[in-house]
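Colleague: Sharing a structure with you now.
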Amino acid sequence: MLSRVVLSAAATAAPSLKTAAFLGPGVLQATRTFHTGQPHLAPVPPLPEYGGKVRHGLIPEEFFQYLYPKTGVTGPYVLGTGLILYALSKEIYVITGETITGLAIIGLYIFGIKKFGPSVAAFADKLNEQKLAQLEESKQASIKHIQDAVDMEKAQQALVQKRHYLFDVQRNNIALALEVAYRERLHRVYKEVKNRLDYQISVQNMMRRKEQEHMINWVEKHVVQSISAQQEKETIAKCIADLKLLAKKAQAQPVM
């Protein structure tokens, strides 16, 4: 019974499936673009932040969009139902106690997703936002560090462009140092020459003074030698007479 239903459904969908390609792994992603070049030569596309749309929590939307032009809106559902009925009628899949357990587990899984999915998703989004904030902070810190390095490099380049001013200052400093050394040596030469001239003047003054002293001593010696004893007595007597005359004059003057 079930096999006849499946065969009739397949016969109904056969005209629209004649031109359809065999359903392979690439059918669900037929609308997506894949890289065909070598990975190291082509840029890697960014990973999508959110997954594609699915129906019934499992079947991708691309599967339905692929079958709609060929089978219509009900085609994917008829195909899926027919395959399930065919597997059950031909006992490809036998319903056992494990099937019931699996259905119960699937039901619990769906219930858990519906019940706790939003809160878990919010918690995961919060963790993701925290990680993104940390990564953004580290990114901004790295950008700031690199920007500071770039600014420092630009400043160094500006200093390098102005290095001719430094060279001019150094040349001026060297010229001033040479001028100072020249003037110091010139002053030293002047002092040495002055000291020697002062020495020559001192020698000449000393010789003149010695000559004068010698001349005075010589004249005095010969004058003393030329004075006789009689002249000495007369001179002494005259001096005594002069002293007496001066004493009399002093006594004759009235006391004020």
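Colleague: HN-Hα J couplings of the stretch 150-158 from phi, Karplus 6.51/-1.76/1.60, θ = phi - 60°, integer Hz, Gly and Pro as x?
Modeller: 5, 4, 5, 5, 5, 4, 5, 5, 4
Colleague: So which lysines pass the test for Lys233, namely a Cα distance under 21 Å, with those fewer than 8 places away in the same chain ruled out?
Modeller: Once the sequence-local lysines are set aside, what remains near Lys233 is Lys221, Lys244.
Colleague: Here's a follow-up. Can you give me the accessible area per residue for the stretch 98-256, using a 1.4 Å probe, in Å²? Provide the component values of the computation, followed by the final result.
Modeller: Details: 15200 Å² over 159 residues.
Using a 1.4 Å probe on heavy atoms only, each residue of the stretch 98-256 averages 96 Å².
Colleague: Round to a whole angstrom and tell me the spacing of the C-alpha centers of the stretch 113-157 and the stretch 64-109.
Modeller: 45 Å
Colleague: Below 14 angstrom from the Cβ of Met206, what's the summed charge of the other residues (Lys, Arg +1; Asp, Glu -1)?
Modeller: Values: positive: Arg208, Arg209, Lys210; negative: Asp198, Glu211, Glu213.
Taking every other residue near Met206 into account, the sum is 0.
Colleague: What share of all Cα pairs of the stretch 44-194, in percent, falls into each consecutive 10 Å distance bin?
Modeller: Cα pair-distance distribution for the stretch 44-194, in percent: 8, 13, 16, 13, 9, 8, 7, 6, 6, 5, 4, 3, 2, 0.
Colleague: Among the lysines, which have Cα under 20 Å from the Cα of Lys131 when same-chain residues fewer than 8 positions away are ignored?
Modeller: Lys139, Lys144
Colleague: Check the straight Cα-Cα distances from Lys248 and name the lysines below 18 Å, setting aside those fewer than 8 residues away within the same chain.
Modeller: Once the sequence-local lysines are set aside, what remains near Lys248 is Lys238.
Colleague: While we're looking at this one, here's another question. Could the peptides 115-124, 56-65 be put in order, highest first, of the mean number of other beta-carbon atoms found within 10 Å of their residues?
Modeller: Values: 115-124: 10.6, 56-65: 13.0.
Highest mean packing first, the order is 56-65, 115-124.
Colleague: Still on this structure, please answer the following. Starting from the coordinates of the alpha-carbon atoms of the stretch 136-236, obtain the Kirkwood hydrodynamic radius over all distinct pairs and give the value in Å to one decimal.
Modeller: Details: mean 1/r = 0.0440 Å⁻¹.
Computed over the stretch 136-236, the radius equals 22.7 Å.
Colleague: Just the number, please: Stokes-Einstein D of the stretch 70-130 in µm²/s, Kirkwood Rh from C-alpha pairs, 4 °C, 1.567 mPa s.
Modeller: Working: Rh = 15.0 Å.
It comes out at roughly 86 µm²/s.
The values are calculated or read from the model by the stated rules, or taken from the named source; none is laboratory data. Note that this is a predicted model, so its numbers are computed, not measured. All Cβ positions, even for glycine, are placed from backbone atoms using ideal geometry, and neighbour counts span all protein chains on display. Surface accessibility is based on the protein's heavy atoms, side chains included, excluding ligands, DNA and RNA. Shrake-Rupley method; radii C 1.70, N 1.55, O 1.52, S 1.80 Å.
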